[in-house]
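Student: Here's a structure for you.
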Amino acid sequence: MSGEAVRVDTTSPVPPYEQIRAQLAALITTGRLPEGERLPTVRQLAADLGLAAGTVARAYRELEAASLIRTRRGAGTRVAPLPAGVRQGLDPAELAELARRFVAEARAAGAEDAAVLAAVREALRER
């Protein structure tokens, strides 16, 4: 994967396989992982993230079910062409996951809810 990083927050209430699935789906649907890009093997990504191979395998299975990746024996796992009807950009679930991670990190840094909201509003104004 051309330098794109997938991270898992083990303290998050979101299961690790879902964090992996959502992050890879976002990278694919936004075009940051282009069609044909090879993904790490299940074992390699699991080792890189310090997770069980079954966790990564579940994320890959769900991405395959969504037609976002293809696994071929001998050719590995690659990004599939975007299915019809899948637009590039974040879907609401992926956007919600990004928001949850931001809020979790802001709270861990000691920010109050009002300060988090103010920071989001300011960031939206800066567009």
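No lab work stands behind these numbers, since they all come straight from the coordinates. This one's a predicted model, so the numbers in the text were calculated from it and none came from an experiment. All Cβ positions, glycine included, derive from the backbone under ideal geometry; neighbour counts span all protein chains shown.
Student: Tell me, what is the FRET efficiency for A53 and R125 to the nearest 0.05, using R0 = 41 angstrom and their Cβ-Cβ distance as r?
Tutor: FRET efficiency, A53 to R125: 0.40.
Student: Related question: Based on a Kirkwood Rh over C-alpha pairs, give the Stokes-Einstein translational diffusion coefficient of segment 1-52 at 25 °C and viscosity 0.890 mPa s in µm²/s.
Tutor: Once the numbers are plugged in, D ends up at 210 µm²/s.
Student: What per residue convex hull volume, in Å³, comes out for the chain when only alpha-carbon positions are used?
Tutor: 125 Å³
Student: Using the crude model of +1 on Lys and Arg Cβ and -1 on Asp and Glu Cβ, and no other charge, please compute the dipole size for segment 23-127 relative to its Cα centre, in debye to 20.
Tutor: Roughly 480 debye, rounded to the nearest 20.
Student: Also, quick follow-up: Under a plain spin-label model, where a point goes 7 Å from the Cα along Cα-to-Cβ, how far apart in nm are A93 and V14?
Tutor: Between A93 and V14, the label points sit 1.1 nm apart.
Student: Any chance you could run the full-extension gain for T71 through T41? It's 0.36 nm times the residue separation minus the Cα-Cα distance, nm to one decimal.
Tutor: Separation in residues times 0.36 nm, less the Cα-Cα distance, equals 9.8 nm.
Student: Continuing with this model, one more query. Taking the highest mean first, how do the peptides 114-121, 56-63, 27-34 order by number of other beta carbon atoms within 10 angstrom per residue?
Tutor: My ranking of the peptides, most packed first, is 56-63, 27-34, 114-121.
Student: Along Cα→Cβ, 7 Å out, is where each label goes; now give me the distance between the ones at E64 and M1 in nm to one decimal.
Tutor: The answer from the label model is 1.8 nm.
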